[in-house]
Structures are given as C-alpha cells and as structure tokens.
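The values are calculated or read from the model by the stated rules, or taken from the named source; none is laboratory data. Please read all numbers here as calculations on a predicted model, not as lab measurements. For neighbour counting, all protein chains shown are included, and Cβ atoms are generated from backbone atoms with ideal geometry for every residue, glycine included. Just the protein is used for accessible areas: all its heavy atoms, side chains included, with ligands, DNA and RNA removed. Shrake-Rupley method; radii C 1.70, N 1.55, O 1.52, S 1.80 Å.
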Amino acid sequence: MEAPLSGKLKKLFESTQLLLSSHNNKSQWHTFYPLVCKLSEQYAALYKQNPAALQAQLNLYKTHYSYATNLVVNQCVLTCALCSSQNYDNDLTELYISASLVEHLCVAKQLNKLAQQQTFNEADKKMWQLRHKLAAKVLLTAKQPAHQIAHILAKLGKYKHALLDTPKIMLYDGASVLVSLANILALNVTCNEKQQHINFYKAVADLYIRTPNSFAQTLLKALVAHVGQYVPGSQVVYADQAMVYLATDTQGRHIIVNNANTKMAWYRIKASLMDDSKAWECNDNRLFLKVWDSEYLNIPNSELSAQAPLYQLVKQIKTQKEYSFKALNTLLTPYPDVIKSVCLAVKHYNKELLPAKDLRHSLSMVGYDKAPAIIQGVVFQQLVNSIAHPLHAFLCTRISCLVNILELLVKHNPRVQGERISLSLYAYLYYVLIHYSADVSRKITIDQTPNKSLDTPFSTFFGVNNVDASHLNSELNELLSGDPWASALLNAEQLPKKQLDDAGQLWAALKVVAQRILKPNQPLTAWQQQILNQQLSRHGWQSEADFNQSLLRLGLHNSI
C-alpha cells in the first residue's frame, strides 16, 4: 500500500535537514551524490502528485526545523514550480532541484546565523564565500556524473549578482538563471526572526522589475500564472474569521480550513478572499502534513502532453510512399495546425512566395512525390517545438543552421530532395531532447584530436558527448520507418570512415561545413577536406570557392 502524502512530506523535510547537517563527516562525502539525486527525485514526484501540498510550504514556516532547512525546502519547491510552469521534463527538473538542494550544503550554520542577524566571524565569511566550490567538491568526491550540478553551482554567484545588480551582463545559461531565481525568491519569502521577509507576489514583482533579463522575466510571469491567485498556506479572512487557504478545485471553488479548534472546519467557497500571502510561523502538523491526505485535496492534474499525437503522426507518414489526396486528407484532418503549417511551408515552391490556400493547393504546388517529406518535416518541427527546454531557442537556431547547410550542399543535385534528407536531423534532435535533455549545452564538444576511424557524432553540435548508439538506431528507425537517409546518418557515426558510402559521406561533409562555421578554430583534417571536396563535386558544385560564396550569403555567422 502506498504511503500517505503526509508521510512522504515528513520524510522529505527530515531528509533535507539530515543532508544539511551531515556534510562535516568527510568519510561520507562519496554517498552525497546518490542521496541528492534520490531526494531531488522525491521532490519532483511529490510536486507532480500534489503541487499545492509543496507550494503551501512557502507560507508555512515549520518551527521545529531550522531556518536553513525551511529555506532549502522553499528553494526546492520554487525550483519545482518554475520547472512545472515551463513543462520541463523529469531529467531537467531533478537536475535543477539537485543544484538547489546542495547550494547551501556546507553553510547551514551560517544561514541560521543570517536569520538571527548574528555577525559572521572570519571562518564564517570564508565558508560563505566558498560555499559553491565546497558543495561542488563534496559532490564530485563520488566520482559520478555530478559535473552538471557543479557547472550550475560555479555560475550561481555571478548570475545572482547579474540578475539583481548588473544589467549589462549577458546570461546564456538558462539552468543557472532558474536556480538563481529560486534562491533569490526563497531568501525573500522564507520567514525569519526579524520578520524582514515579504510575501510571494511582492517578491516576484520586485524581482521582475529589478531584473532586465528577458528569460528571467518569462520564468517569473509563468511562475505566477502557475501558482495562481492565492498561494496555498496563505492566511485568509472569510466570514470575519481567520482561516487558511489550501487549494482551488477543478470547479473553481476555494478550499479553506479553520484550524482554531481541535477539529478543523473545512469550507468550499466561490468568493474572493482577503489574503496575506506572507509566510508565517506554524507549529500545527495538521496544516503542513495531515490535511494533504484528505480526499478533498486530491485534485487531478489536467495537463496533457502535446507530443503523443504528433509522435504517432510522424511515424505514420512514409517518405518512400506516394499518397493520394484522399489518403493525406484523411491522415491530416485531425491536425488543423499541421495543415496550416504545410500551407506556409510550400510557399518557397512559387515565385511570389505565397502560402497555399488549403491542403489540396499545397499538394498541387509541390507534387505528390515530394509532399510526404514536407509534411513530415512540418510535423517534426512541431514535435521539437512541443518539448520545453531552457535552450529551446538556441537549439532551433542550431538545427536550422544544419538544415540550411545541408540544403545548400545538395542544391544543384536534382535527384536529391533536401527536405527529405533533413528529416533525419530533426529526428536526431528530438531523440537528444527526449533522452539527453540535461546534457544539452551550447558548447560544441568536438575533440581537439579527431578520431582517426569514426566520424564525430551530430550530438556534439548539441553539447552531448556520447549517445547510446544501439538505442539511437532503434529510435530513429522507428520514427523514420527505416528511411535510407537515416540509416546513412547512423552509418556515418558508427562505421569506420573508409566504409562509408556516398550518402554517409554527405553527412560527414555536412559536419565538416558545420564545424568550420560553428567551431572555426578547429582545423580540418586531410580526410575532412577530402570528403568535402568529393561531395561538393558529386552534388554539382564547380568549386569549393563557389560553395563558400553561397554559404556566406546564408548569413549563418549572424544566427548562431
């Protein structure tokens, strides 16, 4: 039988406090990384199960736990809320929660001093200044993949300062921005002895006005929309009585309780409430634990993923097959947004660059033989767009760059349809976003010493060092129904260079050009230059100089 929510919440708080109090035992450092991962997984799962139960902790200061524990719990809850407001997947959410959990791993004592407004001694000052380095050192002792958390920790000091006080600094790491926001808000809303904290909405509004960072402002707006009009745990006045707001049900009725007596009184009302969303000291276990076991607060989550139907549609369309209008119309009628996008996508096939009027007009413009690849490309773009990620805009720019290079490479070859080849790139990015979302970065991870046998994988252009080759093969072949261009792409990454056929060498040539643009300081090897020259000749280019002139006109150096 599954444990009640109150038991899970209690275990979560106790585990957080235990984590903060145990860093002094150096012999246990190697166990911290798996503990942090497990705890972040529990935060994410509980938030998904009942967001209001964790949001309430922002307003309920648990007096039998230390200030440090309350602060870290609040920061983790805010991280959950920020990730949920963006629909980030579990891997990203748990990574960011892990960073929030360990940010103050070594300075719980100093945090408690701050809350009591006690002066730091020299040792305290040094610990506080080095807190992120110390936390990273503890985690990396485990010799496990804790480097992602360490990278976020390394930037937090600079990012928090920039978000508040240095408007001209560009902040490129969305993960560090999100964790920084969670920390700033947690420090502002967590109750302290001098009552110098502020309510949740004022904290968000002050930070929104103060920071010039557009990504941070987007996160803050989404956070308020996600939490809603009232923060669970807020003190409210109803019928001239002081009560506590807990949640709003699916019918828009507010669930409030009066905990003044031994037996709590429950109300469901449809009325505006006078609320005070400022955190307050609470020693009533019923409010932050037991009430959440009630069936009244088991409110179903209505969020649905947009990926599932698009994923099924992209698998149904076969690029090797020529469809009739009736077959395509039947297939696409349930997807009006896809039809609208197809009408826009075919405008490049007429001189006036005008979109088609409807699906039949689209098909007549491009021909029924080319239509499946164009339609599948549109679906893939929508599928990629449905996956939330802090680097989403960057990834869309990066994939657009690769597609533009590819289409230029085959521009003079009438036997090759650029749209069909590029489907494999979209499928590859979709795979990386689904299975390696936490590893994606702006950094291109091409080795300074190229592999003499195997070619660089496309994943390196998305910051991912290695992918599971057999799993990638299975997923891409399922998505693209064994399309020969997808097979050629996989061969280009997994077969020795000397065994690549013409199609595989085209993929290798694409990576050569992309490397020259995206990582110009990395010199080409003799093999890379040879492959590029051969492919340019095979696809109708008179010389590399002609190709380079056309490449410059794409203006890709301005879009990265």
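Details
- Matching residues in region 369-397 - criterion: being closer than 22 Å to L82 by Cβ and of a type in the set (S, T, N, Q): N385, S386
- The one condition in (1) closer than 30 Å to H254 by Cα; (2) more than 24 Å from the chain's Cα centre (by Cα); (3) surrounded by fewer than 17 Cβ atoms within 10 Å (Cβ to Cβ); (4) small (G, A, S) that S21 fails to fulfil: (1)
- Within region 388-402, tally of residues that are open to solvent by 10 Å² or more (accessible area, probe 1.4 Å) and in contact with a Ser or Thr (Cβ under 8 Å, 6 or more places away or on another chain): 4
- Residues located in region 334-361, provided they are in a loop (DSSP other than H, G, I, E, B) and open to solvent by 80 Å² or more (accessible area, probe 1.4 Å): P334, K351, E352, L353, L354, K357
- Subset of region 201-211 (residues that are over 23 Å from A388 (Cβ atoms) and open to solvent by 10 Å² or more (accessible area, probe 1.4 Å)): Y201, K202, A205, D206, I209, R210
- Pairing residues of region 309-320 that are more than 18 Å from T333 (Cβ to Cβ) with residues that are assigned to a helix (DSSP H, G or I) and open to solvent by 20 Å² or more (accessible area, probe 1.4 Å), at Cβ distances under 8 Å and at least 6 apart in sequence or on separate chains, gives T319/R420.
- Test: residue in region 366-373 that is of a type in the set (G, A, S), assigned to a helix (DSSP H, G or I), open to solvent by less than 10 Å² (accessible area, probe 1.4 Å) and modelled with pLDDT under 95: yes
- Within region 187-195, one or more residues are touching a Lys or Arg at 6+ places or on another chain (Cβ under 9 Å) and buried (at least 20 other Cβ atoms within 10 Å of the Cβ).
- Test result for N70, over 23 Å from T93 (Cβ atoms) and not basic (K, R): no
- Boolean, A162 is without any contact (Cβ under 8 Å) to a residue 60 or more places away in the chain, of a type outside the set (S, T, Y), part of a helix (DSSP H, G or I) and surrounded by fewer than 21 Cβ atoms within 10 Å (Cβ to Cβ): no
- Beta carbons closer than 7 Å, at least 6 apart along the sequence or on distinct chains, pair a first residue in region 341-364 that is under 18 Å from V379 (Cα atoms) with a second that is open to solvent by 80 Å² or more (accessible area, probe 1.4 Å) and in a loop (DSSP other than H, G, I, E, B) for K347/L353; K347/L354.
Each row is one residue, and each column tells you yes or no for (1) under 24 Å from L383 (Cβ atoms); (2) under 32 Å from the mean Cα position of the chain (by Cα); (3) not small (G, A, S).
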{"site": "A469", "(1), (2), (3)": "yes, yes, no"}
{"site": "E478", "(1), (2), (3)": "yes, yes, yes"}
{"site": "A488", "(1), (2), (3)": "yes, yes, no"}
{"site": "A509", "(1), (2), (3)": "no, yes, no"}
{"site": "Q515", "(1), (2), (3)": "no, yes, yes"}
{"site": "Q522", "(1), (2), (3)": "no, yes, yes"}
{"site": "Q534", "(1), (2), (3)": "no, no, yes"}
{"site": "S537", "(1), (2), (3)": "no, no, no"}
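- Of all residues in region 12-59, those that are within 22 Å of L287 (Cα to Cα), in a helix (DSSP H, G or I) and touching a residue at least 12 places away in the same chain (Cβ under 8 Å) total 20.
- Where L39 falls short, out of the listed (1) at pLDDT 95 or above; (2) touching a His at 6+ places or on another chain (Cβ under 8 Å): (2)
- Any hit, region 123-141, residues being touching a Ser or Thr at 6+ places or on another chain (Cβ under 8 Å), modelled with pLDDT under 95 and within 18 Å of L39 (Cα to Cα): no
- Being surrounded by 20 or more Cβ atoms within 10 Å (Cβ to Cβ) and either in contact with a Cys (Cβ under 8 Å, 6 or more places away or on another chain) or without any contact (Cβ under 8 Å) to a residue 60 or more places away in the chain (or both) holds for only one residue in F458, F462, and it is F458.
- Residue tally, condition at pLDDT 90 or above, of a type in the set (G, A, S) and within 13 Å of M243 (Cβ to Cβ), over region 263-295: 1
- Once region 231-245 is narrowed to residues that are open to solvent by 10 Å² or more (accessible area, probe 1.4 Å), of a type outside the set (F, W, Y) and outside any loop (DSSP other than H, G, I, E, B), the residue that is nearest to Q57 (Cα to Cα) is Q235.
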